[in-house]
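Worksheet: one structure, shown below.
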Amino acid sequence: MTTAPPVHRSHTAGNPDLLPLLGRTPLARIQADLPHPHPGFWAKLECLSAGGMKARAAMSMLSGARRRGELRPGAPVVESTSGTMGIGLAFAGQALGHPVILVGDCELEPSMRQLLRTYGARLELVDRPAPRGGWQAARIARLREVLARTDDAYWPDQYNNPDNPAGYLSLAAELIGRLDHLDVLVCSVGTGGHSAGLVGPLRRRWPRLKVIGVDSVGSAIFGQPAKPRLMRGLGSSIHPRNVRHEAFDEVHWVGAAEAVDACRRLARSSFVSGGWSTGAVALVSAWAAGAAPGAVVATVFPDGPHRYLGTVYDDDFCRAHGLTATAPATRPLEIPHPRAAEAFGWTRCRTVVDPLAAPRGEAPAPHIPAPGGAV
């Protein structure tokens with residue numbers, strides 16, 4: 001167990017000069033050589049915003065809490081993170097003048113731990129997953145302990161806070177300002193924040209917009225069984241209330257090997273890449289662009305590659321986890337319902353359900369084994 005030292009109230013007024021560094025990221029045309037032919041798609045490069053994509057949500061959550069009096073001037077902010085939201089909160093904490101305590105776990109990469117501490121955040125690390133809910137549940141249990149012993153501490157609760165999606169209204173406005181038309185939006189789903197924040201404004205602008213959710217194999221968000229996941233920042237072992245299941249037209253589950261392959265292809269041929277989420281949405285966006293010739297497809301690359309040099313881009317790590325042993329899939333396996341088969345690799349389903357909102361008495365969907373057990 002790693003425990004942070006006591007946190008004292010900040011005596012600074014923050015650094016508002018950081019705020020102009022947030023957002024206004026470029027929109028790049030991606031035509032990288034991915035496993036299947038495609039005509040290209042658009043990607044918002046959130047790695048070029050200070051604090052990454054989740055700094056938008058972090059600023060929204062802390063600003064909203066300050067307006068409502070829930071977060072007092074200089075009071076500590078405590079949150080659970082697998083890394084990306086931690087960077088965003090470190091940015092928001094500096095900008096607004098709040099110390100930040102982050103509860104992570106022992107699978108948090110050493111480079112990310114160093115980076116978070118460099119930005120002034122204090123870390124607490126849990127050393128074992130919970131029997132139910134895995135690392136996320138273990139982190140939240142520790143977070144509650146930190147809240148109980150830290151005066152005036154505020155928990156943004158990124159999974160269930162409506163100010164999280166609200167932080168992405170600026171991202172939606174930037175997309176509307178750059179695109180004349182949009183047919184398909186591809187969104188990675190973790191806390192559910194950026195997809196929920198984008199869909200409303202974009203569908204008001206383009207009512208026939210199709211929205212594709214991209215989840216991780218082993219994630220419970222869309223009704224698959226929760227399993228240990230190698231990918232960080234994508235998927236969830238719990239059920240975030242910010243996820244708007246009804247907004248999605250279909251969902252794709254992507255495996256770690258497929259995300260790695262897409263990331264490396266992006267880096268080699270477009271000089272634009274990122275981590276697990278970026279690889280997953282790139283794979284699905286290219287597929288969507290190829291499946292509907294003439295359609296305008298856009299997605300968001302949440303961060304850049306630097307955090308992942310010891311994982312996604314490390315040959316030894318990838319060999320040790322069996323991520324380079326097989327040829328990447330060129331199309332997804334199709335299943336009729338999230339409970340019809342367990343996804344072991346890239347899998348598509350055009351039936352989207354909220355696993356917590358099934359009508360009482362509903363019979364389970366029939367089990368249809370996946371051919372060969374994997375994609």
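The values are calculated or read from the model by the stated rules, or taken from the named source; none is laboratory data. The model shown is predicted, which means the values in this text are computed figures rather than measured ones. Note that each Cβ is placed from the backbone with ideal geometry, even for glycine, and that neighbours are counted across all protein chains shown. With ligands, DNA and RNA removed, areas are computed over all heavy atoms of the protein, side chains included. Shrake-Rupley method; radii C 1.70, N 1.55, O 1.52, S 1.80 Å.
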For region 229-277 the number of residues that are among the polar types (S, T, N, Q), crowded, with 19+ Cβ neighbours inside 10 Å and touching a residue at least 60 places away in the same chain (Cβ under 8 Å) is 4
> Going by the conditions given, is residue 32 open to solvent by less than 10 Å² (accessible area, probe 1.4 Å) and part of a helix (DSSP H, G or I)?
Replying inline: no
Counting only strands (runs of 3 or more DSSP E) wholly inside region 254-352, the ones holding at least 1 residues that are over 21 Å from residue 47 (Cα atoms) and not charged (D, E, K, R) are 333-335, 347-349
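If I ask for residues that are outside any helix (DSSP H, G or I) and open to solvent by less than 10 Å² (accessible area, probe 1.4 Å), which ones from region 35-51 would you list? Can you show your working first?
Let us first name the residues in region 35-51 that are outside any helix (DSSP H, G or I), namely 35-45, 49-51.
Matches in region 35-51: 40, 41, 43, 44, 49.
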Considering residues that are within 12 Å of residue 83 (Cβ to Cβ), charged (D, E, K, R), open to solvent by less than 60 Å² (accessible area, probe 1.4 Å) and in contact (Cβ under 8 Å) with a residue 40 or more places away in the chain, the number found within region 107-130 is 1
Test for residue 199: is it within 18 Å of the chain's Cα centre (by Cα), in a helix (DSSP H, G or I) and surrounded by fewer than 22 Cβ atoms within 10 Å (Cβ to Cβ): yes
Taking the stated definitions as given, is residue 54 in contact with a Ser or Thr (Cβ under 7 Å, 6 or more places away or on another chain) and either at pLDDT below 95 or open to solvent by less than 10 Å² (accessible area, probe 1.4 Å) (or both)?
no
The residue from 147, 182 that alone is open to solvent by 20 Å² or more (accessible area, probe 1.4 Å) and touching a residue at least 24 places away in the same chain (Cβ under 8 Å) is 147
Residues of region 150-179 being open to solvent by 10 Å² or more (accessible area, probe 1.4 Å), hydrophobic (A, V, I, L, M, F, W, C) and farther than 14 Å from residue 58 by Cβ, in sequence order, are 153, 169, 173, 176, 179
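Looking only at region 311-323, which residues are in contact (Cβ under 8 Å) with a residue 12 or more places away in the chain and surrounded by 14 or more Cβ atoms within 10 Å (Cβ to Cβ)?
First, the residues of region 311-323 that are in contact (Cβ under 8 Å) with a residue 12 or more places away in the chain: 311-313, 318, 321-323.
Across region 311-323, the qualifying residues are 311, 312, 313, 318, 321, 323.
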Note on residue 226: of the conditions (1) in contact with an Asp or Glu (Cβ under 6 Å, 6 or more places away or on another chain); (2) open to solvent by 40 Å² or more (accessible area, probe 1.4 Å); (3) small (Gly, Ala, Ser), unmet is (1)
